[in-house]
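Since the structure comes first, as structure tokens, the remarks are kept for the end.
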Amino acid sequence: MSRPPFPPFTRESAIEKVRLAEDAWNTRDPEKVAQGYTVDCRWRNRAEFVNGRGEIIEFLRRKWTRELDYRLIKELWAFTGNRIAVRFAYESHDDSGNWYRSYGNENWDFDEQGLMVVRWACINDLPIRESDRSYHWPLGRRPDDHRSLSDLGF
């Protein structure tokens, strides 16, 4: 199995890889998202360590059970060879209706087939009022004309 674009990344292919990852995560489909990672992929997500696709799927199921109406924007920060650094922000709410904007950075490492081997994510949550939300598109892929993180000042 492979997932283009492949390393070594150019600026254009790194931007494409970031958008494809964002699109996958916005499906909120754990099985679909997990296909972008190697079978033995290693993650650190906040303080949780996840190993392999099976654990990734279980992690994402738990995540999207808690983080409702999840909408994500990712933006390329840096790239070199087979590595990409990303910054992101997503909005979601809990089952009590409390809204959050979660900000973070990820470091990604890819194999020659374009599958992610390592994902290190640092994330901080900011409680927000529902009226302060900035992501209002219908659930799913972010529209191409929606403002970026930089455009939003995030």
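The values are calculated or read from the model by the stated rules, or taken from the named source; none is laboratory data. From a predicted model like this one, the values you see are computed outputs, not experimental measurements. Cβ placement follows ideal geometry from the backbone for every residue including glycine, while neighbour counts extend to all protein chains displayed. Just so you know, the surface numbers come from the protein's heavy atoms only, side chains and all, with ligands and any DNA or RNA stripped out. Shrake-Rupley method; radii C 1.70, N 1.55, O 1.52, S 1.80 Å.
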Once the in-chain neighbours fewer than 8 apart are removed, the lysines whose Cα is under 19 Å from K17 read K32, K74
Measuring from the longest principal axis of the C-alpha atoms of the chain, the long axis of helix 11-27 (C-alpha) lies at a number of degrees, nearest 10, equal to 50 degrees
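I need to check one value: relative contact order of the chain, counting alpha carbon pairs closer than 8 Å and at least 6 residues apart, in percent.
Details: 298 pairs, mean separation 40.3, N = 154.
It comes to 26 percent, rounded to a whole number.
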Listed residues E67, E22, E112; largest mean-square fluctuation, Gaussian network over the chain with Cα springs below 10 Å, found at E112
Inter-part gap, Cα centre of the range 1-50 to Cα centre of the range 88-154, in whole angstrom, is 14 Å
Largest fluctuation, S102, S131, S13 only, Gaussian network model of the chain with Cα springs under 10 angstrom, belongs to S131
With Cα springs under 10 Å, the Gaussian network model of the chain assigns the largest mean-square fluctuation among D29, D69, D109 to D29
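Rounded, prolate or oblate: pick one for the range 49-116, where a ≥ b ≥ c are the square roots of the eigenvalues of its C-alpha gyration tensor, a/c under 1.5 means rounded, and failing that, prolate if a/b is larger than b/c, else oblate.
Here the range 49-116 falls in the oblate category.
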So the angle from the long Cα axis of helix 52-66 to the longest Cα principal axis of the chain, reported in degrees to the nearest 10, equals 10 degrees
Ignoring ligands and nucleic acids, H146 exposes an accessible area, probe 1.4 Å, in Å² to the nearest 10, of 40 Å²
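Defining a contact as two alpha carbons under 8 Å apart and six or more residues distant in sequence, what relative contact order in percent does the range 1-90 show? Can you show the working numbers first?
Working: 105 pairs, mean separation 28.5, N = 90.
That works out to 32 percent.
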A correct Stokes-Einstein calculation for the range 10-59, using the alpha-carbon Kirkwood radius, 10 °C and 1.306 mPa s, returns a whole-number D in µm² s⁻¹ of 136 µm²/s
Sparse-neighbourhood loop hits (trypsin sites (Lys or Arg not before Pro), the range 1-83; DSSP loop; Cβ within 10 Å at most 15 others) -> R46
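Pop the C-beta distance of L20 and D94 into the FRET formula with R0 = 30 Å and round what comes out to the nearest 0.05. Walk me through the intermediate numbers first.
Details: r = 28 Å, r/R0 = 0.94.
Computed FRET efficiency for L20 and D94: 0.60.
Semi-axes of the range 90-130's equivalent ellipsoid from the Cα gyration tensor, sqrt of 5 times each eigenvalue, largest first, rounded to whole Å? Mind showing how you got there, number by number?
Numbers: eigenvalues 185, 21, 9 Å².
Each semi-axis is the square root of five times an eigenvalue, giving 30, 10, 7 Å.
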Expected field for M1, accessible surface area in Å² at 1.4 Å probe radius, rounded to 10, holds 120 Å²
Rounded to whole Å, √(5λ) for the Cα gyration tensor eigenvalues of the chain, largest first, gives 25, 18, 13
